[in-house]
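What follows is one structure encoded as structure tokens, with my remarks underneath.
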Amino acid sequence: MTESKRRKPKLVADKRYPSKGRKPSASKRPAGKKATARKTTARKTARKKTRKRSGGKGGGILRRFFRWVWRMVWGLTWRVGAVVAILIALAVGVVYSSLPDLDALLDGRARGSVTLLDRDGKVFAWRGDQFGGVITADTVSPHLKNAVIATEDKRFYRHFGVSPRGVASAVRINLSEGRGPLSGHGGSTITQQTAKLLCLGVPYDPTEWESEAAYEADCRQGSLLRKAKEAIYAMAMEVKYSKDEVLTIYLNRAFLGAGARGFEAASQRYFGKSAAEVSPAEAAMLAGLLVAPTRYAPTNNLQRSQDRARLVIGLMEDQGYLTAAQASEARARPAQLSEAAAARAGGYFADWVMASGPEFFTRNTTEDVVIRTTLDQRIQTSAEEALKFIFQEKVREGSKAQAAIVVMSADGAVRAMVGGRKTRVSGAFNRATQALRQTGSSFKPFVYATALELGYSPLDTVMDEPYCVDIPGSGQWCPKNYTNKYYGRVTLADALKNSLNIPAVKVAEISGLDNVRTVASGFGIASDLAQGPALALGASESTLIEMTGAYAGILNGGSQVEPYGLTELKLLGDETPVMVTTTGIGERVINEKAAKQLTWMMERVVSEGTGGRAKLPGWQVAGKTGTTQAARDAWFIGFTADYVTGVWMGYDDNTPLSGVTGGGLPAEIWKETMLRVTEGMTPTPLPMMAPEPPVQTAQPQQQRRKKQTGLDRAINNLLNNIFGN
């Protein structure tokens, strides 16, 4: 081989510095350098891959920035969370230290209750805030306990006072229904609701609040801050009390409509039984009231309350508290109101008793009071049915005319009261006790009572003829009869029987208007009485209960009557009464003979005169009709030997009645009422006395003149001018 073709050996320098682009073979590298080269190559490869994933050097910077932000946020979050948790724990601790013992929270009413009993001792009405007594989660009916939990807080025994899941669910529902997150469903647990019922431990102070309603409205506000306070208070309660103790507070404090505070009071009011005894259907109805007590109160709308109860029964079945058979039975036999709750009898009567009784034991009582009254529920029902019957059968449909009825005994004990056409009401305007109306001819018996007391006889006569009186400052006043006719000489009995106006004015004049006012006031007509001669025709105003009480004075023999409804008042649990009323009879106004003769005259009003429509088969009835000017008021007040009943009819705005007089519809209402009242009773004669016929004695004219003094002649001349020769 030639020299040129022979490979030249590499120089040492060449071995130290390999030619560009050529890598030394592995066999020729030193061992340490081989490992270092492999690591370097791996790092370069990893960096290349990382740069490819992150987009190069800029991606790495962004990744590091986000990692830094996350660390900052996380660090801030757990620190803030820790601080908030500490603050909440401190707040819970502060509230916990202020919570009272359990017993102090069970009855938080600001006022007491009034339970009203009828004359037989049966409950017929309630007023104030009713508290039926303490019940506990252990003593209450298991059905009621389960119904409350199923309806209000199915996770009650599993949360710590606040349910985040419940709040989130409520927010979701509110947003889906187009409301704000805190509007509508609140997601509150039973513990939170209890905190709200306790008003976060702030008691009612009448000096700081305009009313109790304003205080309660403030307690119920749903602001975010208020919700936070409720949550803290609820958690403190969970620490202080057991679950069953929290539930006990709730069961005793919840408002359930119709003035009932707590489930015991509500059960007694609606079903007449203890909350420990309610059935599944009754329990469901009571639990259903929690969402809206007034709207779903069964005394307001039983059907609506039953429909709500069916939903609660479904919840109880779904959550395993009722079997399918039990749920089916509860739906098939929905809860019904007790007899007293269904009747809601004596609404007007109960309001009157509350208004007329001592304020510190009725309207503003801080005690639980039991009042026994004069109410007869059978008679009350009779009056309500009679009024309804007449307006359905005899009054045109759509008429806005009103009527009122009062039934009382001769001593003033009120047995029934209807203050308007809507009988099942409470707190409504009572036309029997509050409406001052002109009395019209129903006032005339007091004119004749005055004359009889002065010694006149029902058979004395008076001239019914055109008659005018000069009234100072007003000019001449000329009364006329309703018929616009004159009947000549008539007896006092006939003048009253036919309700003649001119004879009544003349008798009032001769008896003395002051005397007439004295007699009327003595019988209990306390309203301002007219000063002029129009007094005789009922120009004065009075209430129906006043007029009925005045007629009771005639029936009882001439003594004043104070209508009363309260017979006994006790504090709940006490045996000794605080107040007792046995009669309303007061001082004598006219003598017994005058009262019995007046009764005889008034009996003829019904048997022969203007009150004929009030006749009761088999009964003696005395009474008087009354119709005011332009027929704005129509009255009939009458009595049997047992009861006095007054009826008024008219419009609240004084619109004239169309074709109605006291002897018409009011007399028919009276009759329908008394037909029902007297059913099954034995007729009793009226305490009346017919007058003796006048005895004519033959006496020389000269002798009669000798007996007359100047005063006698003056009196005779006046009598002749008024009564005629």
Legend entry - Top-ranked residue of segment 653-670 - restricted to ones that are within 35 Å of the chain's Cα centre (by Cα), in a loop (DSSP other than H, G, I, E, B) and not polar (S, T, N, Q), ranked as surrounded by the most Cβ atoms within 10 Å (Cβ to Cβ): Gly662
Inset, instruction - Could you please find all residues in segment 473-516 being in contact with a helix residue (DSSP H, G or I) (Cβ under 7 Å, 6 or more places away or on another chain) and basic (Lys, Arg)? - result: Lys480, Lys497, Lys506
Legend entry - Among (1) basic (Lys, Arg); (2) within 40 Å of the chain's Cα centre (by Cα); (3) open to solvent by less than 30 Å² (accessible area, probe 1.4 Å) - the single one Lys506 does not satisfy: (2)
Inset, instruction - Being of a type in the set (Asp, Glu) and either under 28 Å from Thr151 (Cβ atoms) or at pLDDT below 80 (or both) is the filter here, so list the residues in segment 321-367 that pass it. - result: Glu329, Glu339
Inset, instruction - Would you confirm whether any residue within segment 421-428 is more than 26 Å from Glu668 (Cα to Cα) and of a type outside the set (Lys, Arg)? - result: yes
Inset, instruction - Any residue in segment 560-575 that's closer than 27 Å to Ile525 by Cβ: show its pairings with residues that are modelled with pLDDT of 95 or more and acidic (Asp, Glu) at Cβ separation under 6 Å, as long as the two are six or more apart or on different chains. - result: Gln560/Glu587
Legend entry - Lys596 vs. criteria under 22 Å from Val561 (Cα atoms), at pLDDT 95 or above and open to solvent by 50 Å² or more (accessible area, probe 1.4 Å): yes
Legend entry - Which listed residue, of Thr628, Thr645, Thr581, is surrounded by 17 or more Cβ atoms within 10 Å (Cβ to Cβ), without any contact (Cβ under 8 Å) to a residue 24 or more places away in the chain and among the hydroxyl-bearing types (Ser, Thr, Tyr): Thr581
Inset, instruction - Can you give me the number of residues within segment 519-534 that are assigned to a helix (DSSP H, G or I) and without any contact (Cβ under 8 Å) to a residue 12 or more places away in the chain? - result: 1
Inset, instruction - Test Arg127 against the stated conditions and say whether it is open to solvent by 50 Å² or more (accessible area, probe 1.4 Å) and touching a Ser or Thr at 6+ places or on another chain (Cβ under 8 Å). - result: no
Legend entry - Residue satisfying condition, being at pLDDT 95 or above and under 23 Å from the mean Cα position of the chain (by Cα), within set Ile390, Ile379: Ile379
Legend entry - Test: residue in segment 234-249 that is farther than 23 Å from Leu102 by Cα and open to solvent by less than 40 Å² (accessible area, probe 1.4 Å): no
Inset, instruction - Give the residues of segment 409-422 that are within 18 Å of the chain's Cα centre (by Cα) and open to solvent by 30 Å² or more (accessible area, probe 1.4 Å), sorted by residue number. - result: Arg421, Lys422
Inset, instruction - State whether one or more residues within segment 178-187 are surrounded by fewer than 11 Cβ atoms within 10 Å (Cβ to Cβ), modelled with pLDDT under 80 and within 23 Å of Val95 (Cα to Cα). - result: no
Inset, instruction - May I ask you to list the residues in segment 452-495 that are of a type in the set (Phe, Trp, Tyr) and within 50 Å of the chain's Cα centre (by Cα)? - result: Trp477, Tyr482
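Conditions (1) open to solvent by 30 Å² or more (accessible area, probe 1.4 Å); (2) at pLDDT below 70; (3) assigned to a helix (DSSP H, G or I), marked per residue:
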| residue | (1), (2), (3) |
| --- | --- |
| Ser169 | yes, yes, yes |
| Glu210 | yes, no, no |
| Glu216 | yes, no, yes |
| Gln221 | yes, no, no |
Legend entry - Neighbours by Cβ (under 7 Å, 6+ apart or cross-chain): first from segment 600-617, in contact (Cβ under 8 Å) with a residue 12 or more places away in the chain and open to solvent by less than 10 Å² (accessible area, probe 1.4 Å); second of a type in the set (Lys, Arg) and outside any helix (DSSP H, G or I): Met602/Lys624; Val605/Lys624; Val606/Lys615; Gly611/Lys624
Legend entry - Scope segment 388-434; condition polar (S, T, N, Q) and touching a Phe, Trp or Tyr at 6+ places or on another chain (Cβ under 7 Å); matching residues: Gln402, Ser409, Asn430, Thr433
Legend entry - Filter result (surrounded by 10 or more Cβ atoms within 10 Å (Cβ to Cβ) and not polar (S, T, N, Q)) within segment 673-684: Met674, Leu675, Arg676, Val677, Met681, Pro683
Inset, instruction - Specify which of the listed residues (Ala350, Ala335, Ala355) is hydrophobic (A, V, I, L, M, F, W, C), buried (at least 18 other Cβ atoms within 10 Å of the Cβ) and in a helix (DSSP H, G or I). - result: Ala350
Inset, instruction - Inspect segment 364-375 for any residue being open to solvent by less than 90 Å² (accessible area, probe 1.4 Å), outside any strand (DSSP E or B) and either closer than 21 Å to Ala614 by Cα or out of contact with any Gly (no Cβ under 6 Å at 6 or more places or on another chain) (or both) and give the result as yes or no. - result: no
Inset, instruction - Out of Thr673, Thr625, report the one residue that is assigned to a strand (DSSP E or B) and farther than 17 Å from Glu541 by Cβ. - result: Thr625
Inset, instruction - Quickly run through segment 395-434 and pick out the residues that are assigned to a loop (DSSP other than H, G, I, E, B), within 22 Å of Glu385 (Cβ to Cβ) and aliphatic (A, V, I, L, M). - result: Val395, Ala401, Val425, Ala428, Ala432
Legend entry - Test for Thr576: is it surrounded by 23 or more Cβ atoms within 10 Å (Cβ to Cβ), of a type in the set (Ser, Thr, Tyr) and farther than 18 Å from Gly412 by Cβ: no
Inset, instruction - May I ask you to list pairs of residues, at least six apart or on different chains, whose Cβ atoms are under 9 Å apart, with the first in segment 199-212 being on the phi < 0 side of the Ramachandran plot and the second being open to solvent by 80 Å² or more (accessible area, probe 1.4 Å)? - result: Glu212/Arg111; Glu212/Pro206
Legend entry - Enumeration of residues in segment 484-516 that are more than 18 Å from Arg604 (Cβ to Cβ) and assigned to a loop (DSSP other than H, G, I, E, B): Asn484, Lys485, Tyr486, Gly512
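The values are calculated or read from the model by the stated rules, or taken from the named source; none is laboratory data. Being a predicted model, the structure only gives us computed values, none of them experimental. No Cβ is skipped: glycine too gets one built from the backbone with ideal geometry, and neighbour counts run over all protein chains shown. We work out accessible area using only protein heavy atoms, side chains counted, and drop any ligands, DNA or RNA first. Shrake-Rupley method; radii C 1.70, N 1.55, O 1.52, S 1.80 Å.
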